[in-house]
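Contents: one structure, followed by commentary.
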Amino acid sequence: MKRVLYVFILILTIIGCGGNDPAKTMNVSGVVKGLKKGTLYLQHIPDSTLIAIDSLEVNGDGSFTFQTELDGPEIFYLYLNKKDNNTINDRITFFGEPGQITINTAWNTFDTQAEIKGSETNDKFLQYLRTMSQFNKKNLELMRASIDPQNQIDSIQLDSLQTLSTRNIQKGYAFALNFALNNLDSPLAPYIAVNEVSDANIKYLDSIHNSMTPEVAKSKYGVRLTKLLQERKNVE
């Protein structure tokens, strides 16, 4: 009897320590071509502070594998410390989700040439970023033109450049809001609302919030959008 009881307890212990739930497990793996030495970190922002979930010392082989549990899609970062005292262009931003995600890149073009596969949310995220980068590029061009000492512009021309810049920013906002409204079944919608256009007219944020699917509303960024709206309504 005691032996049977012991076996039963042992089985329960094994089940209880059976590892990650496959339905909630994200595997991130890939290769950093040309990387001989450095440290890779898998990072995210659970609340307001960037933290490292796991790390891997690279010594002669640029392949890596990370594993973590998550409840749903959220932003993660793959950070490379090359130990070269240069922190520029060393962090890849991606939307992680349960399942297998593959990231292949090179050490000298780490964040600019990364190929990310396995996340449908990240595919949409990249579509959004590609268009937004055009608005950002245009705004930088207008800003440079307005402050370039080689440009002999008068006050009327300066006002014109500022007007163009304002219109460009407004177009970017409109695109972001429309992108969110067209992807209400994705956690990308509340992510954009909270992180990209949180100061937009509250009626547009309300529209996104009220039209999200129940699953998205319960997601990390869906909950944050609810909190943001409550805070803004209390102030306004």
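The values are calculated or read from the model by the stated rules, or taken from the named source; none is laboratory data. Just so we're clear, the structure is a prediction, and the values are computed from it rather than from any experiment. Neighbour counts run over all protein chains shown; Cβ positions are idealised from the backbone, glycine included. Just the protein is used for accessible areas: all its heavy atoms, side chains included, with ligands, DNA and RNA removed. Shrake-Rupley method; radii C 1.70, N 1.55, O 1.52, S 1.80 Å.
Overview of results
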{"item": "Surface/4 estimate of mean projected area, convex hull on alpha-carbon atoms of region 179-229, nm²", "result": "2.7"}
{"item": "Expected-Rg normalisation [2.2 N^0.38 Å, Cα atoms] applied to the chain", "result": "1.31"}
{"item": "Value at 222 nm in deg cm²/dmol, rounded to 500, when DSSP H runs of n ≥ 4 in the chain each add -39,500 (n - 2.57)", "result": "-15000 deg cm²/dmol"}
{"item": "Counted charge near Gly60, where neighbours are those whose Cβ lies closer than 11 Å (Asp, Glu -1; Lys, Arg +1)", "result": "0"}
{"item": "Helix axis angle, 220-235 relative to the chain longest principal axis, alpha carbon, degrees", "result": "50"}
{"item": "Prolate/oblate/rounded label for region 33-116 (Cα gyration tensor, a/c 1.5)", "result": "prolate"}
{"item": "Sulfur and carbon atoms: percent of accessible area, region 34-162 [1.4 Å]", "result": "46"}
{"item": "Degrees, to the nearest 10: 155-181 long Cα axis against longest axis of the chain", "result": "30"}
{"item": "Overall Cα dimensions of region 137-200 - principal axes, largest extent first, Å", "result": "50, 17, 16"}
{"item": "Residue-normalised accessible area of region 27-111, given per residue in Å² at a 1.4 Å probe", "result": "51"}
{"item": "Largest-first ellipsoid semi-axes for region 70-210, taking √(5λ) over the Cα gyration tensor eigenvalues, angstrom", "result": "32, 25, 11"}
{"item": "GNM result for the chain, Cα springs below 10 Å: residue of Gly99, Gly34, Gly62 fluctuating most strongly", "result": "Gly34"}
{"item": "Positive-end residue, the chain charge dipole about Cα centroid, Cβ charges, pick of Leu229, Pro190, Ile147", "result": "Pro190"}
{"item": "Label-point separation in nm, Leu140 to Ala174, each point 7 Å along Cα→Cβ", "result": "2.4"}
{"item": "Gained length - Asp111 relative to Thr131, 0.36 nm times residue gap less alpha-carbon distance", "result": "5.4 nm"}
